[in-house]
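Just below is one structure, and these are the notes that go with it.
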Amino acid sequence: MAAGLVLRAYAGSDLFLHSWDERYHALVAKHLMAHPATPTLYDQPVLPYDYRDWRANHVWLHKPPLALWLMAAGLWLSRTVMGMAGEEIAMRLPGLLLSVAAIYLTYRIGAHLCGRRAGLLAAFFHATNGYLLQLPGGRVAVDQVDNDVIFFVELGIFLSVLYFESRRRWLVPAIGAAVGLAMLTKWLPGLLAVPVFVALAWGREPPRRIALDLAMIGLTGAALALPWQLYTHLAFPRESHWEMAYNLRHLLVPLEGLGGSPLFHLEHMTRYFGELVYLPLVWFLVKLVRERQPNVVRLAVWWLLPYIAFSLAATKMAGYVMTAAPAIFLIEALFWLWLLDLDPRTWTVWRQGLRWAVLALLIVLPLRYTVERLKLSPNYDRKPAWVRAMRQLPNRIGPGKVVLLNVDRPIEAMFYTPYIAYAKMATPQQIADLRREGCRVIAFDDGHLPPASRMTPGLEVMPNPIPPSPLNDGTGMRLPRRDGSDSPLIGAPSPSSR
């Protein structure tokens, strides 16, 4: 856990917002500090917007609120206690602590299902996994949301383990609470602890008791998760209906250019668990078929359900299956210890050498990706010039209601400043309307501003004060496609815009 804390703190110490999806989550979290029940991206949208476009809309229901509330709590800590120093780090702090706590949960669950040696080794795999330490640092897509749902799902499984160890009845609603919190983080993927609970209960409790426990878990989880659904359905019916339909479309359509074959998640496992990950998985499947031990079956449920479900879905992203990552760590640990404990006395030298090579590579290969993702290079800029320039904008522009146009990074600009920012230009009529409403309208001139725009009445033109920078910030994130084929609106029917 100490190693996991150090690695995550290092990965989370970038003093800028990452492109996907941290900048959006951070801006919504900033606005939640002022109105916790109304998540907004553009808090005051002064130009027309499409409510379906989660990258540029007003009411923002693209993700459930819990991870965003936790980010808002970190921001509040930064701005009230630390005076806005290191607000990016403070915003990531709640997720970082949950990520470290998940390492202990992996150990504890592993000790119950597989023995303490396997639990400890699995916790090591968890602590040093390159992808999981990037999540709370915002360096990969979906960042805090995926990070937090992994924790709450694992918390539900951990509480299930405690329940079957102690038989304390109060743990059943606690399991339901963990499920509800997981759903408040990422909806349906948060339900994974429920089938794992059934697998843990099967053979230990009679079916009637299992049914009663499931009813209690369901009621408790619904009591936490459903009020937000009902509230948003009543308060923001248009946005709520669209997001529900959009979530279902993930199953049928490869949205935002994120497609792949049904083997996508299996093919990409080597990037997250090492090139030899298939060896322990095949060994585990053989063990599952031959022995069908209860704890092996329980571990299989945890691993296979997310992989099967999201392999069938049309939209593919690496993080979708990461709620199964602790189960994979346990499978790797079981295989590693099995290989270590084999009696090699009758083996040839080359077979013994191969055995030790596999044991070493199962640990070293994932660590190679960990080192790569930490970005230890001195060329990696943790505080780029564009962030410093954005922080200076209030000193250059001054107070008041200001609308910025032709901004390279409008989402980040709204996070670091009190202004409203757009990447596009407004029409002369829109600029006139904004001026009548008491707004200053400033266009950043990057050298490509059309001469006619410079002459628009009421428009202030300022040489672009923000140094240009690629959206690829060095963490390997994919860039927006120039042809717009990754837009959330591709293939959607035309609705009314505001």
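The values are calculated or read from the model by the stated rules, or taken from the named source; none is laboratory data. What you are looking at is a predicted structure, and each value in this text was computed from that prediction instead of being measured. Because the Cβ atoms are built from the backbone with ideal geometry, glycine has one as well, and the counts that use them run over all protein chains shown.
Structure notes:
- Contact map, segment 1-22: first residue under 23 Å from residue 408 (Cα atoms), second residue of a type in the set (Phe, Trp, Tyr), Cβ cut-off under 7 Å, separation 6 or more or different chains; pairs are 17/415.
- Of the helices (runs of 4 or more DSSP H) lying entirely inside segment 123-206, those carrying at least 2 residues that are small (Gly, Ala, Ser) and either more than 21 Å from residue 300 (Cβ to Cβ) or out of contact with any Phe, Trp or Tyr (no Cβ under 6 Å at 6 or more places or on another chain) (or both) are 143-166, 171-186, 193-201.
- Only one of the listed residues (267, 291) is loosely packed, with under 13 Cβ neighbours inside 10 Å, under 19 Å from residue 324 (Cα atoms) and charged (D, E, K, R). That residue is 267.
- Taken as a whole, the condition of being modelled with pLDDT of 95 or more, surrounded by 15 or more Cβ atoms within 10 Å (Cβ to Cβ) and small (Gly, Ala, Ser) does not apply to residue 257.
- Some residue of segment 329-336 being among the β-branched types (Val, Ile, Thr) and crowded, with 16+ Cβ neighbours inside 10 Å: yes
- Selection count where residues are touching a residue at least 12 places away in the same chain (Cβ under 8 Å) and either more than 26 Å from residue 261 (Cα to Cα) or among the polar types (S, T, N, Q) (or both), scope segment 289-309: 5
- Within segment 450-490, restricting attention to residues that are at pLDDT below 85 and touching a Pro at 6+ places or on another chain (Cβ under 8 Å), the residue that is farthest from residue 18 (Cα to Cα) is 486.
- Taken over segment 73-116, residues that are at pLDDT 95 or above and part of a loop (DSSP other than H, G, I, E, B) amount to 1.
- The listed residues are 249, 298, and the only one of them that is at pLDDT below 95, part of a helix (DSSP H, G or I) and touching a helix residue (DSSP H, G or I) at 6+ places or on another chain (Cβ under 9 Å) turns out to be 249.
- Pairs with Cβ under 8 Å, 6+ apart, first in segment 479-492 and closer than 13 Å to residue 253 by Cα, second modelled with pLDDT under 75 and surrounded by 15 or more Cβ atoms within 10 Å (Cβ to Cβ): 486/480
- Verdict on residue 133 being surrounded by 24 or more Cβ atoms within 10 Å (Cβ to Cβ) and within 30 Å of residue 334 (Cβ to Cβ): yes
- Qualifying positions in segment 401-424 - in a loop (DSSP other than H, G, I, E, B) and among the aliphatic types (A, V, I, L, M): 407, 423
- Qualifying position, being within 23 Å of residue 51 (Cβ to Cβ), part of a helix (DSSP H, G or I) and without any contact (Cβ under 8 Å) to a residue 60 or more places away in the chain, among 219, 230: 230
- Hey, residue 366 of a type outside the set (A, V, I, L, M) and assigned to a loop (DSSP other than H, G, I, E, B) or not: no
- Residues satisfying the stated conditions in segment 380-400, i.e. in a loop (DSSP other than H, G, I, E, B), exposed (fewer than 15 other Cβ atoms within 10 Å of the Cβ) and in contact (Cβ under 8 Å) with a residue 60 or more places away in the chain: 380, 382, 383
- Hey, residue 321 hydrophobic (A, V, I, L, M, F, W, C) and within 23 Å of residue 7 (Cα to Cα) or not: yes
- Taking the listed residues 181, 224, the one that is out of contact with any Gly (no Cβ under 7 Å at 6 or more places or on another chain), within 20 Å of residue 98 (Cα to Cα) and assigned by TED's automatic domain parsing to the domain that holds residue 325 is 181, with no other qualifying.
Listed here are the residues, each with its yes/no results for (1) more than 17 Å from residue 288 (Cβ to Cβ); (2) touching a Leu at 6+ places or on another chain (Cβ under 9 Å).
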position: 310; (1), (2): yes, no
position: 314; (1), (2): yes, yes
position: 319; (1), (2): yes, yes
position: 325; (1), (2): yes, yes
position: 335; (1), (2): no, yes
position: 342; (1), (2): yes, no
position: 348; (1), (2): yes, no
position: 357; (1), (2): yes, no
position: 371; (1), (2): yes, no
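- Residue selected from segment 54-69 under the condition more than 13 Å from the chain's Cα centre (by Cα) and of a type in the set (A, V, I, L, M, F, W, C), by the criterion nearest to residue 43 (Cα to Cα): 59
- Taking the criterion of being out of contact with any Pro (no Cβ under 6 Å at 6 or more places or on another chain) and farther than 17 Å from residue 194 by Cα, the residues of segment 314-324 that qualify are 316, 317, 318, 319, 320.
- Any hit, segment 426-441, residues being closer than 25 Å to residue 87 by Cβ, buried (at least 18 other Cβ atoms within 10 Å of the Cβ), touching a residue at least 24 places away in the same chain (Cβ under 8 Å) and within 36 Å of the chain's Cα centre (by Cα): no
- On the stretch given as segment 312-363, residues that are outside any helix (DSSP H, G or I), under 18 Å from residue 270 (Cβ atoms) and more than 29 Å from the chain's Cα centre (by Cα) total 0.
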